[in-house]
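A short worksheet on the structure shown next.
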Amino acid sequence: MRHSFLLIFLKILGVWGSLGSCISPKALPYLQDKSYTTNKPVEVTNTAGLYRVQAHDVLSIRVQSVQAELNELFNITDTRAILGSDPGTLFLSGYAVDEEGRINLPTVGRLKVGGLTLTQVQALVQQQVSGFVRGANVLVKLLSFKLTILGEVRNPGRYFVYNEQATLLEGLSLAGDLTEFVNRRTIKLIRPTSTGSAVVLIDLTDPALLRSPYYFLLPNDVLYVEPVRARTGRGNAGNLGLVFAGISSVVLLLSYLKFR
């Protein structure tokens, strides 16, 4: 009788150990709002801010005109590199913005582009290049839109965005989305500033996220996804389960030998 009671007690402890690693399904969905229905969409207004070029950015500048030989003076970025090469190749073949916010264009010289939007940079470069190339059309793109996503995601790492705009959800999708062992209310967004870094906590379960200025990511943003306690304690819970299972086996064996 005593052995049976001990066996039941140990099995209960084993069940508790396994339950310690479970996450409530209610904590997993994004953008939880009871007003969402299948009948009528809920409209949310949010406008992405215009990105302004900063030091260490890398720009692709392409000049198009009927004077092909003059175009090549400026087109250091090969189209084949854009379509088929890795980001490192693009970095080496683009125009890097220096600490003073300037780029160095062949023939034109140094241009101040720091603090300008990409549209403004394009207009400035076209104005300057038109003095050397007749009927020139200039295209400017940002090559260095880089995101770093760390922590409890399926594929942590560094990702390049070939677009002028990316949302928080798009960024997480690049890393394969979150695992189930995440507190979705405390995602850390680390954003570089002119004086260092700024950190803000993102709540993925709050539908107000769609109206937040942090819904849109900026180049060089870092997302850190912190695991919940159940994840960090998962190994201990598993080890305890093995210990309880071993003890249970010993008790069963002793009971069998005693009453045989």
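The numbers here are math on the coordinates, done by the rules we state, and not lab data. Worth saying up front: this structure is predicted, and the values here are computed from it rather than measured. Here the Cβ positions follow ideal geometry from the backbone for every residue, glycine too, while neighbour counts run over all protein chains shown.
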For a paramagnetic label modelled at 7 Å from the Cα of residue 50 toward its Cβ, which residues of the stretch 105-122 fall within the zone defined by backbone nitrogen distances under 14 Å?
114-122
Within 10 Å of each candidate Cβ there may be at most 12 other Cβ atoms; applying that plus a DSSP loop requirement, which trypsin sites (Lys or Arg not before Pro) in the stretch 173-230 survive?
185
Among GluC sites (Glu not before Pro) in the stretch 101-177, those in a DSSP loop whose Cβ has at most 16 other Cβ atoms within 10 Å are 164
What are the aspartates and glutamates whose alpha-carbon lies under 18 Å from the alpha-carbon of residue 34, with same-chain residues fewer than 8 places away excluded?
43, 203, 206
Taking H placed 1.01 Å from N in the peptide plane, check which residues at least 5 places from residue 105 or on another chain put their amide H under 5 Å from its amide H.
110, 111
Cross-link reach from residue 146 to aspartates and glutamates, straight Cα distance under 17 Å and at least 8 residues apart if same chain, gives 57, 86, 164, 170, 221
Counting only other residues whose beta carbon sits under 13 Å from that of residue 221, what net charge do I get with K and R as +1, D and E as -1?
+3
Place a label point 7 angstrom from the Cα of residue 100 along the Cα-to-Cβ direction, then list the residues of the stretch 125-148 whose backbone nitrogen is under 14 Å away.
none
Around residue 28, under 10 Å between beta carbons, what's the net of Lys plus Arg minus Asp minus Glu among the other residues?
+1
